[in-house]
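Visitor: Structure below; questions to follow.
The values are calculated or read from the model by the stated rules, or taken from the named source; none is laboratory data. Remember, predicted model here, so these are calculated numbers, not experimental data. Cβ: placed from backbone, ideal geometry, glycine included. Neighbour counts: every protein chain shown. What goes into the accessible areas is simple: the full protein's heavy atoms, side chains included, and nothing from ligands, DNA or RNA. Shrake-Rupley method; radii C 1.70, N 1.55, O 1.52, S 1.80 Å.
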Number of protein chains: 2
Amino acid sequence: MPEAVQRMSRMLIKTLRDDPADAETLSHRLLVRAGYVRRTSAGVWSWLPLGKRVMDNVARVVREEMDAIGAQEVLLPALLPREPYETTGRWEEYGDELFRLKDRKGADHLLGPTHEEIFTLLVKDQCTSYKDLPVMLYQIQTKYRDEARPRAGVLRGREFQMKDSYSFDTTDEGLAESYRLHRAAYRRIFERLGLEHRIVSAVSGAMGGSASEEFLAPAAAGEDTFAHCPQCDYAANTEAVTHPLRPADTGGHPAPEELDTPDTPTIETLAAHLGVPASATLKNLLVKVDGEITAVGVPGDREVDLGKLAGHLAPATVELVTAEDFAGRPDLVRGYVGPQGLQGVRYLADPRVAPGTSWITGANKPGTHARNIVCGRDFEVDEYLDVAVVESGDPCPSCGTGLELGRAIEIGHIFQLGRKYADAFQLDVLGPQGKPVRVTMGSYGIGVSRAVAALAEQTADERGLCWPAEVAPADVHVVAAGKALQTEFALEVAAKLAAAGVRVIVDDRAGVSPGVKFTDAELIGVPRILVAGRRSAEDVVELKDRRTGAREELTADEAIARLTS
Amino acid sequence: MPEAVQRMSRMLIKTLRDDPADAETLSHRLLVRAGYVRRTSAGVWSWLPLGKRVMDNVARVVREEMDAIGAQEVLLPALLPREPYETTGRWEEYGDELFRLKDRKGADHLLGPTHEEIFTLLVKDQCTSYKDLPVMLYQIQTKYRDEARPRAGVLRGREFQMKDSYSFDTTDEGLAESYRLHRAAYRRIFERLGLEHRIVSAVSGAMGGSASEEFLAPAAAGEDTFAHCPQCDYAANTEAVTHPLRPADTGGHPAPEELDTPDTPTIETLAAHLGVPASATLKNLLVKVDGEITAVGVPGDREVDLGKLAGHLAPATVELVTAEDFAGRPDLVRGYVGPQGLQGVRYLADPRVAPGTSWITGANKPGTHARNIVCGRDFEVDEYLDVAVVESGDPCPSCGTGLELGRAIEIGHIFQLGRKYADAFQLDVLGPQGKPVRVTMGSYGIGVSRAVAALAEQTADERGLCWPAEVAPADVHVVAAGKALQTEFALEVAAKLAAAGVRVIVDDRAGVSPGVKFTDAELIGVPRILVAGRRSAEDVVELKDRRTGAREELTADEAIARLTS
């Protein structure tokens, strides 16, 4: 079926001159202004004809590359029963992010944020022998997460389109291979889409599992920060940057000594009072982990990244302590806490607080600090966690070079889940020796609607959207710049292009000035703009490259030949 | 991109020998047994690789025909805010059928059962002038209805795939044209899909609006009953069959007369006691309409169709009266109610209870009936409604011939909504004279997932599914019937077919007998089956037509030529 010409006079496209009041990011502003999406409610969007086409193009590329690695497409429901999520604990762990509802009989359901449970059950039902594996299944489906702060248009919505896939293997090597196949497919997908991206180490968080990597699209509007080394190939989400623990001898340090430090409840006041760098001091943050008071130690020049901390401790909840918590614990002296005096309080610390390091820290008395407090001699760390905010110039954990930081949008995430879900549902198959073998799984996601926003962020310029050819809503935007003659000529050229399989939008709107049409064409961002203007009677058109602005005059036939070659 | 060969050894297809315990209908049994769908929870289904392909094929045909009439594809959310549905009253009217939920902030949402409200608001936002219209928009989307009795597999689910479209016009003639375009597109869609169907008059029900027609696929498993005339072209859902009202003179009847009829509280006992046909008596059913007691009169040989009654009175609720209701109304004598004595009770009646007709009916005294009770003389009908159950042989409302009844599945429904939704949201555009014009709408639906089940119902035979070519999950099912030689040959033929653009499934499973493979091939229902069997070494295959069973032996090249021609 040849492509039909899309006539703007009949299309549902309303471009806006002004930015929407609530738009924070470039992609949000432009996708709304160019008529690609409209907000239906907070974090919930309608995809209009142009936006639907771009999203379909992204989905097509994803589908082709998933098919190419032998993944099979299915479609599971979005409305899911509570029980399997109860089994894995995620019914509770997801907290407020999960949309929950009851049906007419009072049974609990949820709107699927991700489908590990249901796929595990499906494979348990369908596969009985090691011969049935490996299997990779995927779907492109509407997902739901009740974000606390939906933002940036379709970049972080409460209802969104996602490709999620799941691999099932009987061996760790098999899982590694399924993971490798997905990783390679993702690279091809993002390359074909024209999305600049980096693969970085990531934390697995509530998903569980052993290893995971994120595909990040560098963009100022991104919500993720990643660190990368300019020397070696190290790159990680800052949430996943880890520091090596380098223990030293605890001997040879002077004895602890108390210091009278009135009115120095903060690191800044303490460092100034003592004339030492903040990095010589030990900061101890008190939090509640599932309600239990816990201390977290980091060098004084560092902040604790609460998101990272929560990620490490998930599914436990992490809250800051309140004045009431202090009121019930006179042994915890606000502003003067030191790990050497903590009773019955779990102590977590940054790897830089290694055994053998010596610190100035609180003496657990008002107005008093202590120096020569040595880790491993005067206090013990219960668990090391990378919870300090990563800063530009921090040494690369791999080669020691100063790290660089960048903002990015998470467009893909791949997980080696291992046997967490298979264990929860006892997913076994009969192995080659006739004994049950526990299955090991991977889980892989691409934000399809988010990729549209990420592409817009990376490719737009000051004039508007500027799509890569693979995802553009059309190949050519024909502008009828004039009256009836130009419109007739434009429609004729458009029809010839469409007959040759070129996807064409033609701006045949009557009563709209050429200037407005040009502005709209640049805003809409189709890669090539063909103008039927004042030389239409001579059969001459202008062909323009949306990105470079390069333009040339050609006969219509030359232009058609160019565009169909 | 050439089609990849689908190897059954690697596909997620598990066929079952036995019918699922809960399967009521042919399509339910076969779609589960052949591995197309699996139940996730009551009325909620997972589409496995084969099922997904068939559904995608249905969706493709729908999309092509919608595009061909100039409808534009969009994608609106399924998670919808309460307010617009509150505005139209449907937040309440939908009753238990609507899935309702709250977000983390306590705001009310629903899962969209149909999207009139949201499309109306979208067009109000996008279109300002009569020049922007007409516009037709569609989406293929997941819909939700919390059915009281989800049944028959994917035929009536609580989550399902639907194509819904909406037309917006400024004039009644425009709406009629949009409706006509949809009607013609639907005929082409169902013809291309190979779905036998009838277009019948329908009731609009809670949707509102003036005119509507249903596309019904005749099938024993259908939930709808339709009446059609063997003489003229009359066809209607029995819910929509109407009888002409033929009033006669009320004079010339004898005076009313009471009859002592002890122990005759039913029509059967009364007719037997008096020796008259049931059709000479008037049956008066008492119901509560929004809590108000209401009487419904039909000839004694007829039953009241409560579904029809509820449909006519929607959005009012209809319940049967209870013993308590009688207890509070001594004037209503159970089993002996007659319309001539009703005080303050609304009286609805079938058109056959026309002015001038005379009846035997209750005398509103225990054990007593009355004869010569004449409509228009002794009692008045407040409103005529077609609420009697339609029976085979009832006169055709158009030509009087005896109607025939059939069971069918509703696969499409088209509505001329008129201005109901435009009024609710004040959807106006500026007209040619510069004055606001109220927009008039149509709404059109096709059950995409249901069409898969309807196709299965209509085309399957005792051996399994038997898909029309347009929707089949593949064009050819290649069976490797033997050992390594046959498997290698089968894969070679399959690869050649795939390279020529033919969609191929090849059953290359090791350790599965030819008999099981043949049975599975018939169950799965791909139109052509190509067997690489005992003559593989001679380069000879058997080509079989799944429907007719016709088979012939050919060289592989001949078979490939045949299948690619």
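Visitor: According to a simple spin-label model (label point 7 Å from Cα along Cα-to-Cβ), what is the distance in nm between A:L430 and A:A499?
Guide: Result: 6.3 nm between the two label points.
Visitor: Within the range B:469-491, which residues have the backbone N less than 19 Å from the label spot 7 Å out from B:T564 along Cα→beta-carbon, could you tell me?
Guide: Hits in the range B:469-491 for B:T564 at 19 Å: B:474-479, B:489-491.
Visitor: Extension gain A:V516-A:E24, at 0.36 nm per residue separation less the Cα-Cα distance, in nm?
Guide: Working it through step by step, the gained length comes to 174.6 nm.
Visitor: Using the Cα centre of the range A:257-384 as the reference point, and only Cβ charges (+1 on K/R, -1 on D/E), how large is the resulting charge dipole? Debye, rounded to the nearest 20.
Guide: Magnitude of the dipole: close to 160 debye.
Visitor: Put +1 on the Cβ of each Lys and Arg and -1 on the Cβ of each Asp and Glu in the protein assembly as shown; which of B:V296, B:G445, B:T555 then has its Cα farthest toward the positive end of the dipole?
Guide: Positive-most Cα among the choices belongs to B:T555.
Visitor: Go through the range A:455-530 and name the GluC sites (Glu not before Pro) that are in a DSSP coil and have 13 or fewer other Cβ atoms within 10 Å of their Cβ.
Guide: Of the GluC sites (Glu not before Pro), the ones in loops of the range A:455-530 whose Cβ has at most 13 other Cβ atoms within 10 Å are A:E462.
Visitor: Cα-Cα over 23 Å: which of A:K102/A:K288; A:K52/B:K163; A:K102/B:K420; B:K102/B:K288; A:K102/B:K163?
Guide: The answer is A:K102/A:K288; A:K102/B:K420; B:K102/B:K288; A:K102/B:K163.
Visitor: For a label point 7 Å from the Cα of A:E292 along Cα→C-beta, name the residues of the range A:341-380 whose backbone N is under 12 Å from it.
Guide: A:344-348
Visitor: Stokes-Einstein D for the range B:257-384 at 25 °C, 0.890 mPa s, Kirkwood Rh over Cα pairs, in µm²/s?
Guide: 168 µm²/s
Visitor: Ordering B:S279, B:S165, B:S398, A:S565 by accessible area with a probe of 1.4 Å, largest first, what comes out?
Guide: These residues rank, largest area first, as A:S565, B:S398, B:S279, B:S165.
Visitor: Hey, how much of the P(r) for chain B falls beyond 36 Å, as a percent of Cα pairs?
Guide: Result for the distance tail: 49 percent.
Visitor: Find how many whole Å separate the alpha carbon centroid of the range A:223-282 from the alpha carbon centroid of the range B:468-544.
Guide: Cα centres, the range B:468-544 to the range A:223-282: 67 Å.
Visitor: Please state the shape class of the range B:40-177: rounded when a/c is under 1.5, otherwise prolate if a/b exceeds b/c and oblate if not, all from the C-alpha gyration tensor.
Guide: oblate
Visitor: A:R188 versus A:T87, label points 7 Å from Cα toward the beta carbon: distance in nm?
Guide: Computed distance between label sites A:R188 and A:T87 equals 3.4 nm.
Visitor: Mind checking which of A:V387, A:V540, B:G418 is farthest towards the positive end of the protein assembly as shown's charge dipole, using Cβ charges of +1 (Lys, Arg) and -1 (Asp, Glu) about the Cα centre?
Guide: Checking the options against the dipole of the protein assembly as shown, the answer is A:V540.
Visitor: Please compute the contact order of the range B:474-564 in relative form: average sequence separation of alpha-carbon pairs under 8 Å and at least six residues apart, divided by the residue count, as a percent.
Guide: RCO, the range B:474-564: 33 percent.
Visitor: Give me the number: length gained by fully extending A:A4 to A:E492, i.e. 0.36 nm times residue separation minus the C-alpha to C-alpha distance, one decimal in nm.
Guide: Stretched fully, the A:A4-A:E492 segment lengthens by 174.4 nm.
Visitor: Please sort by residue number the trypsin sites (Lys or Arg not before Pro) in the range A:474-526 whose DSSP state is loop and whose Cβ has at most 15 other Cβ atoms within 10 Å.
Guide: Answer by residue number: A:K483.
Visitor: Any idea what the dipole of the protein assembly as shown comes to, in debye rounded to 20, about its Cα centre with Lys/Arg Cβ at +1 and Asp/Glu Cβ at -1?
Guide: Dipole of the protein assembly as shown, to the nearest 20 debye: 1420 debye.
Visitor: Based on alpha-carbon atoms only, what is the radius of gyration of the protein assembly as shown relative to the globular estimate 2.2 N^0.38 Å?
Guide: 1.13
Visitor: Please list, by residue number, everything in the range A:235-256 whose backbone N is under 12 Å from a paramagnetic label point 7 Å out along Cα→Cβ of A:N372.
Guide: A:252-256
Visitor: Round to the nearest 0.05 the FRET efficiency obtained for A:K131 and A:A314 when R0 = 30 Å and r is the Cβ-Cβ distance.
Guide: Between A:K131 and A:A314 the formula returns 0.25.
Visitor: Pull out a ≥ b ≥ c, the square roots of the eigenvalues of the alpha-carbon gyration tensor of the range A:162-297, then state rounded if a/c is under 1.5, prolate if not and a/b is larger than b/c, and oblate in the remaining case.
Guide: Taking the square roots of the gyration eigenvalues as a ≥ b ≥ c, the range A:162-297 is prolate.
Visitor: Under the rule that a partner needs its Cβ under 4.7 Å from the first Cβ, which Cys of chain A have none?
Guide: A:C127, A:C375, A:C466
Visitor: Taking the simple approach of a point 7 Å from Cα along Cα-to-Cβ for both B:R100 and B:L274, what is their distance in nm?
Guide: Each label point lies 7 Å from its Cα, and together they span 4.7 nm.
Visitor: Can you check how the C-alpha radius of gyration of the range A:474-564 compares to 2.2 N^0.38 Å, as a plain ratio?
Guide: 0.94
Visitor: Another question about this same structure. How would you classify the range B:277-328 from its alpha-carbon gyration tensor, with a ≥ b ≥ c the square roots of the eigenvalues: rounded for a/c under 1.5, else prolate if a/b is greater than b/c, otherwise oblate?
Guide: oblate
Visitor: For the range B:26-55 and the range B:56-88, write down the distance between their C-alpha centroids in whole Å.
Guide: Value for the Cα centre distance between the two parts: 23 Å.
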